[in-house]
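Heads up: the structure comes next, in structure tokens.
The values are calculated or read from the model by the stated rules, or taken from the named source; none is laboratory data. As the structure is a computational prediction, the values presented were derived from the model and not from experiment. Glycine gets a Cβ as well: all are built from the backbone with ideal geometry, and neighbour counts include every protein chain shown.
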Amino acid sequence: MRLFVGIALPEDIRDRLRSLSGGLPGARWVSLENLHLSLRFIGEVPGGDERDIFEALKALDLPAFELTLSGLGSFERRGRVYAVWAGVEKSEPLSHLQAKVAVALERTGFEPEHRKFKPHITLARLKGGKVPEVAQYLQFHGSFAVGPFRVAHFTLFRSYLGNGGSHYEALVEYPLKSPTPKL
């Protein structure tokens, strides 16, 4: 079973992100239902080991928070763009949640992630995307911003290949605490 931990996006936010699709030759746009913010990729997990993950994530006790999406960017490798993404404004609660998820997974025996956490939502994947075309697309949509929106839970997802590419299935939603009202 191939797993990752992420934040599912509200429907209205996904709709706004979907409005960015198009205008980029060769892009494979992420389907509306697959738009999410990854907190930690886990990878293949042997049958039965997922119980340890379920329990480790269930033990996290963190508050709900708000996020705002702002700006677009791309990931490049060897002078070619391979992904276009929507950025996430700096958020201490998000960074804290991601760090706690990482520690919980390490305690269950998973290797630490060696890449620095860069919160983003992948919008499209490209094979050998040309930098000038992508730069023009990013400039055109450069003022994109949406939110804030409330993050009330995070999710353990299963990823599998099916007709039309990858599909994500929410296995478990872990609620975040609502703040205590001030009296």
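Somewhere in the stretch 85-108, is a residue buried (at least 20 other Cβ atoms within 10 Å of the Cβ), touching a residue at least 12 places away in the same chain (Cβ under 8 Å), among the β-branched types (Val, Ile, Thr) and more than 30 Å from Lys177 (Cα to Cα)? Taking every residue of the stretch 85-108 in turn, none turns out to be buried (at least 20 other Cβ atoms within 10 Å of the Cβ), touching a residue at least 12 places away in the same chain (Cβ under 8 Å), among the β-branched types (Val, Ile, Thr) and more than 30 Å from Lys177 (Cα to Cα). The set of residues from the stretch 157-171 being assigned to a strand (DSSP E or B) and either under 16 Å from Leu62 (Cα atoms) or not hydrophobic (A, V, I, L, M, F, W, C) (or both) comprises Arg158, Ser159, Tyr160, Gly162, Gly165, Ser166, His167, Tyr168, Glu169. Mind checking whether some residue in the stretch 44-51 is surrounded by 15 or more Cβ atoms within 10 Å (Cβ to Cβ), at negative phi, out of contact with any helix residue (DSSP H, G or I) (no Cβ under 6 Å at 6 or more places or on another chain) and in a strand (DSSP E or B)? Looking through the stretch 44-51, none of the residues is surrounded by 15 or more Cβ atoms within 10 Å (Cβ to Cβ), at negative phi, out of contact with any helix residue (DSSP H, G or I) (no Cβ under 6 Å at 6 or more places or on another chain) and in a strand (DSSP E or B).
Residues are listed down the side, and each one gets a yes or a no for (1) within 30 Å of Tyr137 (Cα to Cα); (2) among the aliphatic types (A, V, I, L, M):
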{"position": "Arg51", "(1), (2)": "no, no"}
{"position": "Ala59", "(1), (2)": "no, yes"}
{"position": "Arg77", "(1), (2)": "yes, no"}
{"position": "Ser95", "(1), (2)": "yes, no"}
{"position": "Ala104", "(1), (2)": "no, yes"}
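Of all the numbered requirements in (1) surrounded by fewer than 14 Cβ atoms within 10 Å (Cβ to Cβ); (2) touching a helix residue (DSSP H, G or I) at 6+ places or on another chain (Cβ under 9 Å); (3) without any contact (Cβ under 8 Å) to a residue 40 or more places away in the chain, Ser19 misses one, and that requirement is (2). Just one of (1) at pLDDT below 90; (2) under 20 Å from the mean Cα position of the chain (by Cα) fails for Arg18. It is (1).
Residues that are assigned to a strand (DSSP E or B) and either over 18 Å from the mean Cα position of the chain (by Cα) or under 30 Å from Gly48 (Cα atoms) (or both) within the stretch 77-113 comprise Arg77, Arg80, Val81, listed in sequence order.
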